[in-house]
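I have placed the structure first, in the form of structure tokens, so that the comments after it can refer back to it.
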């Protein structure tokens, strides 16, 4: 990705542009068919894209470092009692400093994946940190950790699906596949069936009635 | 989980997908959100339709109106103060 001339850069760019809608479709499947709740829809899509650049292990490590440190720093920000937009801007500054730090560490230790850290979308990461803290305040730490874990899980799953199925090269060779992706999304958007996890969620409703008979 | 359980759930349970498409969307026309997001207006509409609503003792629309608060609630042993717009603790200014 570093160097390789304008041609390689353009190929890489179009590759990422075309795979983005495929990732979005996988996220839709996770939410509406399987039923996993995440922090918004954009965060898992964009973070999955970042994982494709850094590789899975480093991607997860970077995500954990940035969100973990970010949440600690965010709770320190609570002291200043500042308004939402200003606070998000401060968080973006904090995230950018952490990313610059990771890049320096990557260069020093010769870890190539950490040099790609700039691909990690700073605004989205700042938003994940803010979502974590808001959820923590309103619904508790357990719920915030659960949603973060779900987000991370969906991102990792997107990465694995894209890599294993070779979807990047498929969509690069046959962009018309995206029409099928859109058709699938419309079908899911109109689908009324139970989400997979809802079978578990509602399973207690059936048991008493079944024992009556 | 038994197959019978799964079948019953699929038939009887109301999941998010069906709830959104068959209840949320058809029964909540976007144009009416402005009505139901404003409590005094909602109450007026409901009582006009013959649906009982808790009595409104007073609607205070300006900060300055608060000086009348003590006098307004003097006759009641209990009362609730609610924002005209907002829910879950939001809507105050």
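The values are calculated or read from the model by the stated rules, or taken from the named source; none is laboratory data. Everything numeric in this text was worked out from a predicted model, so none of it was measured. As a convention, Cβ positions derive from the backbone with ideal geometry for all residues, glycine included, and neighbour counts pool all protein chains shown.
Here are the numbers for the structure shown:
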quantity: Yes/no for residue B:84 being farther than 30 Å from residue A:198 by Cα, exposed (fewer than 12 other Cβ atoms within 10 Å of the Cβ) and more than 14 Å from every other protein chain (Cβ to nearest Cβ); calculated: no
quantity: Set A:197, A:160, A:172, A:184: member being within 14 Å of chain B (Cβ to nearest Cβ) and either exposed (fewer than 12 other Cβ atoms within 10 Å of the Cβ) or under 24 Å from residue A:45 (Cβ atoms) (or both); calculated: A:197
quantity: Cβ-Cβ under 6 Å pairs, at least 6 apart or on other chains, the stretch A:5-29 side farther than 20 Å from residue A:156 by Cβ, far side at pLDDT 90 or above and buried (at least 19 other Cβ atoms within 10 Å of the Cβ); calculated: A:18/A:171
quantity: Given (1) more than 14 Å from every other protein chain (Cβ to nearest Cβ); (2) free of Cβ contacts under 8 Å to residues at least 40 places away in the same chain; (3) under 22 Å from the mean Cα position of the chain (by Cα); (4) over 30 Å from residue B:9 (Cβ atoms), number of the condition residue A:102 does not satisfy; calculated: (2)
quantity: Residue list for the stretch A:114-136, filter: assigned to a helix (DSSP H, G or I), under 12 Å from the mean Cα position of the chain (by Cα) and buried (at least 23 other Cβ atoms within 10 Å of the Cβ); calculated: A:125, A:128
quantity: Which listed residue, of A:107, A:76, is exposed (fewer than 15 other Cβ atoms within 10 Å of the Cβ), touching a helix residue (DSSP H, G or I) at 6+ places or on another chain (Cβ under 8 Å) and part of a helix (DSSP H, G or I); calculated: A:107
quantity: Condition check for residue B:75: within 14 Å of another protein chain (Cβ to nearest Cβ), more than 22 Å from residue A:201 (Cβ to Cβ), modelled with pLDDT under 90 and surrounded by fewer than 10 Cβ atoms within 10 Å (Cβ to Cβ); calculated: no
